[in-house]
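Inspection log for the structure reproduced underneath, given as structure tokens.
The values are calculated or read from the model by the stated rules, or taken from the named source; none is laboratory data. This one's a predicted model, so the numbers in the text were calculated from it and none came from an experiment. Glycine gets a Cβ as well: all are built from the backbone with ideal geometry, and neighbour counts include every protein chain shown.
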Amino acid sequence: MKPNIHITRRSNGWAVISAGAERASAIKPTQAEAIAAGRAQAANNGSELIIHGRDGRIRASDSHGRDPRNIPG
């Protein structure tokens, strides 16, 4: 499984960054644009998209990995 993709606030916009990476793969002016870019990257990687709010806390996540369909419960 590839590393998770995080959307985080930066002083110059919103960063799309893979977990463990030193540099962002993209900096977008709006969170919506960063989410769109991150969602495409997560879908290609089969990883999870984790969206952080302005305060840095996780506000949403979206899984693009191989989730089993028949989960009991």
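A few remarks follow.
- Residues located in the stretch 5-22, provided they are at pLDDT 95 or above and either within 10 Å of His64 (Cβ to Cβ) or among the charged types (D, E, K, R) (or both): Ile5, Arg9, Arg10
- When the residues of the stretch 23-54 are filtered to those that are touching a Gly at 6+ places or on another chain (Cβ under 6 Å) and at pLDDT 95 or above, the one that is surrounded by the most Cβ atoms within 10 Å (Cβ to Cβ) is Leu49.
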